[in-house]
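The values are calculated or read from the model by the stated rules, or taken from the named source; none is laboratory data. Here the structure is a predicted model, which is why all the values come from computation and not from measurement. For neighbour counting, all protein chains shown are included, and Cβ atoms are generated from backbone atoms with ideal geometry for every residue, glycine included. For accessibility, only protein heavy atoms count, side chains too; no ligands or nucleic acids. Shrake-Rupley method; radii C 1.70, N 1.55, O 1.52, S 1.80 Å.
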Amino acid sequence: MAAIGSLIFCTDCGNLLEQNVGKKTSIECDVCGSQNKDTSSKVVITTSKPNAFPSTLRTRLKTDLQEVAEAGVQTDVGTKETCGKCGSDDARYYELQLRSADEGSTIFYTCQQCGHKWRNDN
């Protein structure tokens with residue numbers, strides 16, 4: 001018998017043999033009737049502890065993690081964009097990708113003088 005991966009073949013005629021379900025020592029070929037010794041690979045299941053394979057990346061991720069409060073994050077940037085309501089050129093903006101990736105993003109503006117909000121689809 002010859003084993004290639006999980007397939008088992010008869011050594012006399014080359015027929016594909018059935019899997020050895022009963023864990024017998026030999027498998028009979030359906031075509032030529034010869035007895036073939038079972039030399040197929042056996043399944044071995046092993047278990048290991050998570051710390052058995054140390055990883056510098058895993059260690060770094062655990063130690064370098066930093067939490068930031070949402071209130072402490074500045075999400076907009078100042079720019080000189082003219083407000084359509086009061087004419088001031090002091091505005092803040094942030095950018096979002098609202099449409100598909102191959103289209104432009106949308107920029108949201110807020111006037112610092114009057115609070116007027118508008119957007120520009122790029």
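Mind checking whether some residue in segment 33-48 is on the phi < 0 side of the Ramachandran plot, loosely packed, with under 10 Cβ neighbours inside 10 Å, at pLDDT below 80 and assigned to a helix (DSSP H, G or I)? No. Selection over segment 90-122 of residues that are in a loop (DSSP other than H, G, I, E, B) and open to solvent by less than 80 Å² (accessible area, probe 1.4 Å) gives a count of 7. Counting the residues of segment 67-89 that are in contact with a strand residue (DSSP E or B) (Cβ under 8 Å, 6 or more places away or on another chain) and outside any loop (DSSP other than H, G, I, E, B) gives 3. Scanning segment 89-111 for residues that are more than 12 Å from Asn122 (Cβ to Cβ) and among the charged types (D, E, K, R) returns Asp89, Asp90, Arg92, Asp102. Mind listing just one residue for me: the one in segment 68-89 that is open to solvent by 80 Å² or more (accessible area, probe 1.4 Å) and modelled with pLDDT under 75 and, of those, nearest to Gly115 (Cα to Cα)? Among residues in segment 68-89 that are open to solvent by 80 Å² or more (accessible area, probe 1.4 Å) and modelled with pLDDT under 75, the one nearest to Gly115 (Cα to Cα) is Gln74. Among residues of segment 87-122 being more than 15 Å from Gln74 (Cα to Cα) and hydroxyl-bearing (Ser, Thr, Tyr), the one that is nearest to the chain's Cα centre (by Cα) is Ser100.
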